[in-house]
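What follows is one structure encoded as structure tokens, with my remarks underneath.
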Amino acid sequence: MANYDVIVIGSGPGGYVSAIRCAQLGLKTAIVEGRETLGGTCLNVGCIPSKALLHASHMLHEAEHNFAAMGLKGKAPSVDWKQMISYKEDTIGQNTKGVEFLMKKNKIDWLKGWGSIPAAGKVQVGDEVHETKNIIIASGSEVSSLPGVEIDEKVVVSSTGALELGKVPNKMVVIGAGVIGLELGSVYARLGAEVEVVEFADTVTPGMDKEVQRTFKRLLEKQGLSFTMGAAVSGVEVKNKKAKVTYKLRKDDSEATVDADVVLVATGRRPYTDGLGLEALGVEMSERGQIKTDAHYKTNVAGIYAIGDCIDGPMLAHKAEDEGMACAEGLAGQKPHVNYDVIPGVIYTHPEVANVGKTEEQLKEEGRAYKVGKFSFMGNGRAKANFAGDGFVKILADKNTDRILGAHIIGPAAGDLIHEICVAMEFGAAAEDLARTCHAHPTYSEAVREAALACGDGPIHS
Ligand code: NAI
């Protein structure tokens, strides 16, 4: 007799959301988590704490750069690092306690400890083995470093160490101009560090819309970050609490070094499945260490499912949440579906960057006939009033049917604005549908409407 209908392993956004949905649908559910607090990487050492530091450092930037022009005079605030870290910790605490409350509210048992699967239908936590009809693995991902680079979380840090440095460093070298590198790099640049980003590719955030990449890099440079592009880091040496980063320039194979007080390694993450016992169970894995699943998140072993960062697809909290809900609904006999064509991506720098659907480069490669509607935030009254005129909205639509195929935004509140386009895409909308929808004035969202208008007879304010 099984104790549980479902045991979810891992309490990140994928795991805890899945557990809640299971419980809502009447399944007796437990969640396994070995950390002291629930919420996984995202709440404890990822999305949430980084947003607190991004917010605080953005406020400082506003005070230093825009307050005087708005008639707000006086000394700009200085950084009390200890207090900023404590504000970040409070933010984490409120969120992780919130998840704990949700577990109790939904009568989900928290099995404290690291879980393993001795056999299908069994989950071991500590000395106890729990019986369950189904297991959902939501074990997430971990930092993947580079050969020749050892992370000590003091001088050479991952995102985890970068969120709890003892002080703001004088010089920080960031390896990798991806999402983590640019979000945390811009935090420390705004707090006064000299930040140099060393990136293997020729563009920041490889894979994103090219125009956005160019504008993004230019705006970050304006904020004081410097970039060494086309440079493959081959090693980091630490001596007397200082680091020397060695890289090779791809264009001529020449080698160079750069010194730093702190090096942030932001070169990607890999699935985390250590200690689960998957090999002994015969669970099929991909070459990249991901758990292989079918479209219903089933592994090749009956009764074992997997979702989120430890399976294929973008490593994003919201993708994991959607998979977690769909997996639960499938177990409860429903017929859920995750639309992988409409998963937004957001970078929470200032300005924010957001995208959904195809890039122009992808459409060209696919030989699709498309049109581009673009609108600059310089033409948006609200953005101008708020010193937020940098950036644009770009909508890509099918040339013949006008159906929206993708959108790319760099600008104020981009991470929120993208969602009206996501909803439109879910409904198979044409750009004209957005263009004919009344948007309140004055809001940033008018820039989205103007970009949609630009796919047709033209925007009004440019
Ligand atoms: P990433 O994959 O976004 O970027 C890694 C960068 O490192 C790439 O630009 C790559 O070309 C570069 N790189 C790799 N090897 C290098 C070398 N030897 N020398 C120089 N550059 C090198 O990875 P990142 O930023 O570490 O993020 C990891 C994951 O976490 C991503 O999947 C991301 O989506 C997710 N994440 C998402 C966030 C968000 O949605 N806002 C925030 C933070 C992380």
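The values are calculated or read from the model by the stated rules, or taken from the named source; none is laboratory data. Being a predicted model, the structure only gives us computed values, none of them experimental. Neighbour counts are summed over all protein chains in view; Cβ atoms, including those assigned to glycine, are modelled from backbone coordinates with ideal geometry. Just the protein is used for accessible areas: all its heavy atoms, side chains included, with ligands, DNA and RNA removed. Shrake-Rupley method; radii C 1.70, N 1.55, O 1.52, S 1.80 Å.
Among the residues of segment 154-167, those identified as farther than 13 Å from residue 85 by Cα and away from the ligand (no atom under 15 Å from the Cβ) are 154, 155. With the condition kept exactly as written, say whether any residue in segment 234-251 is in contact with a helix residue (DSSP H, G or I) (Cβ under 9 Å, 6 or more places away or on another chain), within 15 Å of the ligand (Cβ to nearest atom) and over 12 Å from residue 137 (Cβ atoms). Checking segment 234-251: not a single residue is in contact with a helix residue (DSSP H, G or I) (Cβ under 9 Å, 6 or more places away or on another chain), within 15 Å of the ligand (Cβ to nearest atom) and over 12 Å from residue 137 (Cβ atoms).
Would you check if residue 186 is within 16 Å of the ligand (Cβ to nearest atom), among the hydroxyl-bearing types (Ser, Thr, Tyr), touching a Leu at 6+ places or on another chain (Cβ under 8 Å) and closer than 23 Å to residue 270 by Cα?
It is false that residue 186 is within 16 Å of the ligand (Cβ to nearest atom), among the hydroxyl-bearing types (Ser, Thr, Tyr), touching a Leu at 6+ places or on another chain (Cβ under 8 Å) and closer than 23 Å to residue 270 by Cα.
Looking across segment 180-192, not a single residue is part of a loop (DSSP other than H, G, I, E, B) and free of Cβ contacts under 8 Å to residues at least 60 places away in the same chain. Candidates are the residues of segment 419-459 that are touching a Phe, Trp or Tyr at 6+ places or on another chain (Cβ under 6 Å) and assigned to a helix (DSSP H, G or I); the one that is surrounded by the fewest Cβ atoms within 10 Å (Cβ to Cβ) is 454. Taking segment 168-179 as the search range and keeping residues that are over 17 Å from residue 243 (Cβ atoms) and outside any helix (DSSP H, G or I), which one is nearest to the ligand (Cβ to nearest atom)? Out of the qualifying residues, it is 178. When residues in segment 393-417 are screened for being of a type outside the set (Asp, Glu), within 18 Å of residue 363 (Cβ to Cβ) and outside any loop (DSSP other than H, G, I, E, B), 12 of them pass. Which members of segment 229-255 meet the condition of being of a type in the set (Gly, Ala, Ser) and in contact (Cβ under 8 Å) with a residue 12 or more places away in the chain? Hits for segment 229-255 are 230, 231, 232, 234, 235, 243.
Of 19, 2, 30, 23, which residue is modelled with pLDDT under 95, in contact with a strand residue (DSSP E or B) (Cβ under 6 Å, 6 or more places away or on another chain) and closer than 21 Å to residue 115 by Cα?
Result: 2 is the single residue among 19, 2, 30, 23 that is modelled with pLDDT under 95, in contact with a strand residue (DSSP E or B) (Cβ under 6 Å, 6 or more places away or on another chain) and closer than 21 Å to residue 115 by Cα.
Where residues in segment 189-211 are touching a strand residue (DSSP E or B) at 6+ places or on another chain (Cβ under 6 Å) and within 14 Å of the ligand (Cβ to nearest atom), which of them is most open to solvent (accessible area, probe 1.4 Å)?
Out of the qualifying residues, it is 200.
Looking at 97, 154, 88, 107, just one residue is of a type in the set (Lys, Arg), at positive phi and out of contact with any Gly (no Cβ under 6 Å at 6 or more places or on another chain), and that residue is 107. Listed by position, the helices (runs of 4 or more DSSP H) enclosed by segment 15-126 that each have at least 1 residues that are within 27 Å of the chain's Cα centre (by Cα) and within 21 Å of residue 311 (Cβ to Cβ) are 40-45, 47-65.
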